[in-house]
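Since the structure comes first, as structure tokens, the remarks are kept for the end.
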Amino acid sequence: MLTVLRLGFLALLWVFFLRIANAVWTSATPRPTVATETRSRKRRKSASQSKVVILEPVEHAGLVYPVVNQLTIGRSASCDVTLDDTFVSSQHARIARTDHGLVVSDLGSTNGTYVNREKVTTPIQVSSGTRVQIGSTVLEVR
């Protein structure tokens, strides 16, 4: 009887360990939200406008976001581009279309927005090929 109790306890201990390992693994693996995937599919249809393409991280590389009037980027679900990154503010940056082209603005983020590896302190005009880094995400203007 004591052996059965010991084996039962050992089995429960393994189940507990496997559940913890599974929880850690799934929380450490970033996945795009359903809303982000849906938005990216809608945005890929429009190719005649300026657009922003995610280059890094690899799991999101290739996602395309057209810039119609403006594109807000941040952690908030209300943003046009939602990034799941602790270094990204809820309303982090904006890419807007003006009469003179596209302009990148930092929206008072904590960790800053970088254009071609230089920190954005005032709105800056960008052109095709410019790289914008927000947290660990690198985007390219096309």
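Structure notes:
- Taking amide H as placed 1.01 Å from N in the peptide plane, residue 102 has its amide H under 5 Å from the amide H of 126, each at least 5 places away in sequence or on another chain.
- Sequence-ordered 3J(HN,Hα) estimates for the range 10-26 from the Karplus curve with 6.51, -1.76 and 1.60 and θ = phi - 60° stand at 4, 5, 5, 4, 5, 4, 4, 4, 5, 5, 5, 4, 5, 5, 5, 5, 5 Hz, glycine and proline given as x.
- Using the Cβ-Cβ distance between residue 90 and residue 136 with R0 set to 25 Å, the FRET efficiency works out to roughly 0.95.
- Under 5 Å between amide hydrogens, built in the peptide plane, is the criterion, and for residue 113 it picks out 120 among residues at least 5 positions away or on other chains.
- Directionally averaged projected area (the range 74-142, Cα convex hull): 4.3 nm².
Bear in mind that the values in this text are calculations on the coordinates, not laboratory data. Remember, predicted model here, so these are calculated numbers, not experimental data. When we count neighbours, we look across all protein chains shown, and the Cβ atoms used for this are built from the backbone with ideal geometry, even at glycine.
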